[in-house]
Structures are given as C-alpha cells and as structure tokens.
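Scroll down for the structure; my scribbles are underneath it.
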Amino acid sequence: MSHQTIDESGFVAGTLVHTDKGLVPIEQIKVGDWVLSKHDNGQGEQAYKRVVNTFKSDMKLSIFRIGFWLKDDPSFPSLFCTDNHQFWLDGLGWTKLHDFPKYEEVSGNVLRGFLGDRIIVNSNPWPPLRKTEVEDIAICSHDFQWDECAGYSLMVDFRQGRPILVGGTDGSWSELSKVKNVSHSEEIKYLPSLDSDDPEAHFYLNAMGDDWTRAEEELGNVYKTHVCNLEVEDYHTYYVGKAGIWVRSC
C-alpha cells in the first residue's frame, strides 16, 4: 500500500467497497483486485475495473460524517471520510465534501448509489468528529453548538478497525434508540439505560469526560485517524458502504 502525500483524501478503515467478490473493507483491497466502477463522466454502464494503486495517508487526518437516507432503512446510515473526498451530487457533479451546500441547504442533496438510485443526504457533515478521553472513540456533533442531547447522541467506536455506532435508550444515546435491530447499513452497539449498573454503558459515558458541553472551546479537539483510498483504472471511481455510494478515486 502506497502512502499519500498530496491532496490526501479517503475513508476510514472498515469502509466497505463493492468488488467482484462482494463487500470488502477498503484497507484489505489490493492492487489487481476488481472493484465496481462507472466512468467518471457519468456516461455508460458500470463495469468491474482493476485497482492500480492503494493508498494510506501518511498522517492522521480529520474525519467527517456524511449521513443519508436509504429506502426501507429507518436508520441513519453514515460514511466517515476526509472532507476533501469527492462524491457525485446530482446537479453539481463531482463535489468535495467541504464544498457541499451547508447547513439548511444540505438536506436534499442527492448522491448516487450502485443501483442508480437517488440517495438523499440528511445530515450536515460539519464539524469534524471530536476526540473523547478514550483513544479511537469519537463524538459526532450535529453543529458547532453542542446541546445536551444532540451534542453527543452519536458516538463512534473505531477501536475494532471499523466504525461502530453507539446507541441506547437514554437521552445521551437516544438518536439510535429507535433503530435497534432494524438498521441494515450500520453496525450498532446498543446500550442499556445509564441508570442501570451496566459497566459498558458507563464506560462510554465516562469517555466523554467533563468538558463535552463547551463546544466553542473544544473545536481543536478533533478526532484524527489514517484513511485509505484507491486508484482505479479507466473509470476512476468506486462504490462504498452497503448502500454503494458512488465516489471518485485518486
């Protein structure tokens, strides 16, 4: 695997890529593997194309969440990537995440899936994920002003080499409480009430420490990790996540 040094972009380990052998974590893709692709001009049919290079960033980079709606999936599927990775947006073409229409305008942006389906962006991909007091557990805030519920209702555990969303029944975990056992696109760790004596629930709560409410003072507390990317022959694109979101390669 090569190391990126210019315009580093990519996805966290564990992000699934659509290949001729099924869904494969991006960090396990090798040169010569075949991934599903479509010409980056948007014309023509899909085809499997060879990977001609794989990349892992030299440095740990800030990570952002992009959430979207899927038909028949009541959860909030997500991808975790750098803010300079390019996605196809209907009406705009190839667009880096940091150039997506922001805030109120973000909802309704349309991504493309591997079935040609329209996939609606449903969350603001800013600000970046924040660190907690436990390495490789991050907090996803919905805006720059964290409030008691939305500020930490979405935790992401990267310790097993893939993103696992953490949810439960209390306010602190409530965003995921309604999707227990119904999400087809996310791996979710579902926790019991914090009023219980469950040690795992309190482990995640304690990871937030004492300063989680002071978002304006914590903007530098950004979660960073290495990301992976692929270079694909001819068409220069591939599809990621179970939903198969169409993205541009190196």
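Just to confirm my filter: which strands (runs of 3 or more DSSP E) fall fully inside the range 36-98 and include at least 2 residues that are surrounded by 19 or more Cβ atoms within 10 Å (Cβ to Cβ), modelled with pLDDT of 95 or more and among the hydroxyl-bearing types (Ser, Thr, Tyr)?
In the range 36-98, the matching strands (runs of 3 or more DSSP E) lie at 47-57.
Does any residue in the range 89-114 that is within 16 Å of PRO128 (Cα to Cα) come within less than 7 Å, Cβ to Cβ, of a residue that is surrounded by fewer than 17 Cβ atoms within 10 Å (Cβ to Cβ) and modelled with pLDDT of 90 or more six or more places away or on a different chain, and which pairs are these?
LYS96/ASN84; LEU97/ASN84; HIS98/ASN84
Looking at the structure I just gave you, is ARG112 out of contact with any Leu (no Cβ under 7 Å at 6 or more places or on another chain) and at pLDDT 85 or above?
Criteria met by ARG112.
The values are calculated or read from the model by the stated rules, or taken from the named source; none is laboratory data. The structure displayed is predicted, hence computed values, not measured ones. Quick reminder, even Gly has a Cβ in these numbers, built from the backbone with ideal geometry, and neighbours come from all protein chains shown.
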